[in-house]
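Okay, structure first, notes after.
Throughout, read-outs are computed from the coordinates displayed, never taken from laboratory work. Quick caveat, the model's predicted, so the values are computed rather than measured. Positions of Cβ are backbone-derived with ideal geometry, glycine not excepted, and every protein chain shown enters the neighbour counts.
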């Protein structure tokens, strides 16, 4: 447009009148009227009024006047002036007109009232969540700063819900006893817990809290040393570094030493500790001899133990525990104060209803009673820990010590995590692999060339009710056996007479129990004392008590009567 306007206003010569008239008549360019422009007026043959009258009408205007000559064609500058003139005459858009146009727009549907309310509610909720998170983080930082300022170092936070493995906020505990109470409360909340196990945890926590030195510990020396270590673990501020292990005992690839072996009912870890124990018992000549001796001794108790495990619904392969504990020696003792076939310490024995009275009775030495208590204990530990390796570790070192370590490590760790993190005593770290190796051997006796070994035949016994304070020699005479033989069946009796305890029963051979009961009542009524005149190994069922022996016995008893404090037999 700018180029055209400049071209129309140029200084070139104007067209002649003849050239203008020679142009064909027709409507003007763009059909626009001429406006009052500001450019130079070109020279025309006719006067200006005639040219004005001869301009072509706008589109839609009246037709030309008849008789008028043909109008000359419009010049370019005239056309441009018409366009500018029409633009100048365009009506302006006043605010009133704009409002009128807006008012003529169609009505839009209204927004429902609940939409802005919903948006406002969502915004307030998001703000509340942000504020809450900020407050919680700020409180945690203040608590950590307080603990750090008090102790000089940040103490490890105690875990909260152990069953869920979630850590509680860090707390400032003023005394060690408060730390033990806090820990004990958390341990009671982990897994299922029987009254017996709860009592044992309470007792071990109390002993550990007092285990500052030997003079303040009420347990055995070994037990006090172990619980003193637990106390240091609970009250110390040394950070715990946990090494996580991915178990290699999957159903897929196994190491060569496990190839072709039947797996027992308890998990066996593909670990060098287990492998070393397995190879010692199966390949080392000394180890094979040790295992053969255990097999021979355990034959006397294997059926008793398997029956107890079945009644509790536990794997029969837990028979390996008694191999590892005592080698099936019912009078075995450990430096830590554990005794019996299942190596109960006094605290665990009391918690599981085994009576231990110095010089009177120690039911840890009774295979029948100790087996029932041990199977109950293992069942409770498995319900508490959830894994057999942890249950067996708790059996070895005590549940409080193990749970305290688990709690210190974060609450969600396995046995092999604790081993790899060096958080267990060496004895416990080797104890569980030993049981797993024994269980693996027991499941493959024939393959490992142990199948033809003779085992000790079990002694079938039955309960005999005996009045408290009855001489064991009199019971042996009634059962037609020796006093020494009766003691072998009742290793828990420590005195010469039956304990005065509620519900206490004496074990006698099963095939003589009814006859022994009747004979005992007759001997008690007759006041027979012949059992006091024979040695402990005199077998009343196989040896004859002669008249001469009876007369000698009467003289000896009469001579000993004043010394013993009994009434003299004056004739």
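Between residue 488 and residue 244, the simple spin-label model (points 7 angstrom out along Cα→Cβ) gives 5.6 nm. Taking the number of Cβ atoms within 10 Å of each Cβ as an exposure proxy, the fewest-first ranking of 200, 442 is 442, 200. Give the shape of segment 435-526 as rounded, prolate or oblate, defined through the alpha-carbon gyration tensor: a ≥ b ≥ c are the square roots of its eigenvalues, a/c under 1.5 means rounded, and otherwise the shape is prolate if a/b is larger than b/c and oblate if not. Prolate shape, in that a/c is at least 1.5 and a/b is the bigger ratio.
Straightening the chain between residue 515 and residue 353 buys 55.3 nm, computed as 0.36 nm per residue apart minus the Cα-Cα spacing.
Taken as Cα centroids, segment 258-273 and segment 495-553 sit 51 Å apart, rounded to the nearest whole angstrom. Note on residue 559/residue 456: beta-carbon distance plugged into 1/(1 + (r/R0)^6) with R0 of 41 Å gives a FRET efficiency of 0.45. The stretch between residue 118 and residue 463, if pulled fully straight at 0.36 nm per residue, gains 116.4 nm over its current Cα-Cα span.
The length gained by stretching the chain between residue 447 and residue 500 to full extension, at 0.36 nm per residue less their Cα-Cα distance, is 14.0 nm.
Over segment 461-564, Cα pairs under 8 Å with separation of 6+ residues give a relative contact order of 38 percent.
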